Structures are given as C-alpha cells and as structure tokens.
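Structure record follows, encoded as structure tokens.
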Amino acid sequence: MDAQTSENYRFTFHKCRNISSPEDDLAGRKVYSGSAPVSSILGLDDNENVREYLVDAKGKQRKSPTLVHQAIRKTLKETPEVFGVLNGGTVLVARSAEIDDKNRQLILEDASIINGSQTRGEVQRYFDHRSEDETADPSIKFEIIVTNDDDLIAEISISRNFQNDVKPISIAGRRGQLDALETSIQTAYPHKKLRKSESDLTADEDFLDTEKLIQATFALMPDSTPKPSGISLDLGNKVFAYSQKTRCLKIFQKLADAPETEMYQTFIGIAPVAWRLYEHWKKHQSFIGTQIRSVERENGKVTDVPDGIIFPILAAHAAFIYQSAAGWQLNKPDQLSDEELISVAKQSYMDIAGHNPQSMGKSKACYSSLMQITSIYAKLLKPS
C-alpha cells in the first residue's frame, strides 16, 4: 500500500460513484459508493467510530470472537471470492475527498471508519496470519461520507451501528455527554479516565467504571435536589441507584443535555465525592468479623464488599453531603462511626434481605433502616 500522511489517506478502489442526493448537495457534503480491494481499509483509523475492534482492542484481549467474527474469518480463508457479497461493507467519513481517476484512488482528509471496525479487525488478522500461497485481496463494498459537520459525524456513527446493539455508554461517550463528568473526576483522580465505550476495559487501571460512578452519584445525591422538567425521579427512594443501571445512565444523559440545570451541576460536583466514598466502602476492613458470607476475603483482608450492601450505606450518607465554597463535601459527625453503620447494615442484611446482597440492594426497607440512623446524626450537625 502507498505510504500515508497523518492527514491524507489514499484509498484505492475498483469502482467509485458519486451518489450524493439533492439534500447532500444543499448541505455541502458528498457521498461516494463503490467497491475496493479489502486491503484498502487496513490503514484507516476508526477514531470516529463508537466502537473499536472488540476482539483485540488496543492490543488487549477484550472479548472472545463472536459468530460474526468467526464467519468473517471463515469466508476470508475459504471463499474470499464471495466476501464482497456476503459482507455488509464499511462506512467511512472524511473531511474532504479528491478523486484520482488515473490511479483509481480517493485522496481522503482525516478519514475514519465509522461502521466496519469488526470487519477491518478480521481483515487485518487475515493478512497477518495468511500463508504464502494465500494471495487473495477480496473486494469490499464501501460508502464514504464527506462532511465537516462534527455533530453529524457523531450521529452517523451512532445510527450506522445501531444494528450491532451499540451500548448506551458508547453513545453517551461519542456525544460528549461524559466529558464534563470526566473533568470533574480528574480533579480528585488526575490520572484516571472514564470508560466512554464498550471497548474501554473497566479492568484497566486507567479507567473508572462510568456506569458505576453514575449509580453511586445518584445514591449520594441530596433528596432535596430540584429536578428539571422531564426528569421522573424519586430521590427519596434510592433503590433505583443500585437496581437500574441503564435507567441511571439514561437520566444522566438527559441531564447532560441540559447542563444549566441545578441537578446536573450538583451531579457533576458530587461525583468525585461519591466515587471516593464507594471505593472507601468497597474494601472496608471493618467488615472482618461480621460473618457476612458474601464479603470476599483473602489472606485475612477484605477484598470486595458486594454493591448490594454498599449502596444502602452510600445512600444513607446523602444526609451528610453539602456544598461549601470549596465544593461538595461530606460532613459525617465523629459520633457516627463506620462500625455502627456496618452493624446496622449487617442487621438489615440478615433480617430484611435474608443474607442476600442483591435483595438488600433492592430493598427500600434496608435503605430506610440506614437512613434513619444518619438522619438522627445529621440533626446534630451545626448549620455550615
């Protein structure tokens, strides 16, 4: 393949047609379609796509090959001559395009795959592993959308991937709805990034679990936080924060689309406090000796407390969250120890939840038992 610059990509094709519609012409964009040797897509970025190649994203094993991946591999190896009609092809975006008819190339500026990363990943694997007698360079269908509209590019990427069940976290990340949240988190965790797509590993120490962060923040949010119109939410009943992960993300997305609202600003400010509190309880060593079977231990130390036990405790801390000139903070009175909260949580775990952490996380009564304790202590606090 020809060498590429960082800005321009020479995309070799077999056939190419301008299929721009009248609406495209009015908007100043172009759409090209045709067929190309599959090797033409190997050097393309996929930075505009809502997902990367999921089997080996960023050089790390992410997921096992799906039936789709296996089918692409089988076709490339055994029947490459029909790959072009069996494969759905690839969709690209570019900021500009110039046709070089003599060399049958499109010179693309800032080109990116927005649909077809899984195909490109399997094609790369095919070329990396093929034997010397495997010389086929099968054809692939392509569509190239040429536009400078960043918002449109994001929406095209999301729309063209819906058939592959793009997860909400990838959509939120691609729309920039998580950017301010990440900035807020980095005030407390400077080297951390939020997981903004399903390709980002939560096991990677550089990434925080964004969905868990959003859940924990809703759990800690004050009950009195005013809700903007269109948001149906009972902050007095925090069960949803544990049991409805997808709903929490969708509500946050609505808030992110109205960043001027008090609830959104409160959420962004509280998030670092919520995550620090979540981490504090996730491996709280005072659970040693409680005989709660679901608390994981190793070498005499607590390694994991189930979220079903943690979330009622987090929600109870909402009584102590307040905003000062320095930002949102927790002001838990010294008279209330973590051990006392653990004792109440243990009692709820046994008597109400039947020793089941999932039941505890979904039980309004478990939340209420802990909130009763913190509300009593909250009255001891002097007004700031």
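Among the candidates Ile288, Ile309, the residue that is within 16 Å of Met360 (Cα to Cα) and either assigned by TED's automatic domain parsing to the domain that holds Ser369 or in contact (Cβ under 8 Å) with a residue 24 or more places away in the chain (or both) is uniquely Ile309. Just checking, does the range 139-146 include any residue being over 30 Å from Gln329 (Cα atoms) and surrounded by fewer than 21 Cβ atoms within 10 Å (Cβ to Cβ)? Yes, some residue in the range 139-146 is over 30 Å from Gln329 (Cα atoms) and surrounded by fewer than 21 Cβ atoms within 10 Å (Cβ to Cβ). For the range 297-322, a residue qualifies if it is basic (Lys, Arg) and either closer than 15 Å to Ile342 by Cβ or touching a His at 6+ places or on another chain (Cβ under 7 Å) (or both), and exactly one does: Arg297. Of the candidates Gln335, Gln347, the single residue that is more than 28 Å from the chain's Cα centre (by Cα), at pLDDT 95 or above and surrounded by fewer than 18 Cβ atoms within 10 Å (Cβ to Cβ) is Gln347. Residues considered: Tyr377, Tyr367. Of these, the only one that is more than 22 Å from Ile288 (Cβ to Cβ), surrounded by fewer than 20 Cβ atoms within 10 Å (Cβ to Cβ) and touching a residue at least 24 places away in the same chain (Cβ under 8 Å) is Tyr377. Where residues in the range 1-27 are at pLDDT below 95 and small (Gly, Ala, Ser), which of them is nearest to the chain's Cα centre (by Cα)? Once the filter is applied, the top-ranked residue is Ser6. Take Gln329 and decide whether it is touching a Phe, Trp or Tyr at 6+ places or on another chain (Cβ under 9 Å), within 27 Å of Lys245 (Cβ to Cβ) and either surrounded by fewer than 19 Cβ atoms within 10 Å (Cβ to Cβ) or of a type outside the set (D, E, K, R) (or both). Judged against the criteria, Gln329 is a match. The set of residues in the range 320-339 that are over 16 Å from Met371 (Cβ atoms) and of a type in the set (A, V, I, L, M) comprises Ala325, Ala326. Taking the range 295-312, which residues are surrounded by fewer than 18 Cβ atoms within 10 Å (Cβ to Cβ) and either in contact with a Leu (Cβ under 6 Å, 6 or more places away or on another chain) or under 19 Å from Asp209 (Cα atoms) (or both)? Listed by number, the residues that qualify are Thr303, Asp304.
The values are calculated or read from the model by the stated rules, or taken from the named source; none is laboratory data. All values reported here derive from a predicted model rather than from experimental measurement. Glycine gets a Cβ as well: all are built from the backbone with ideal geometry, and neighbour counts include every protein chain shown.
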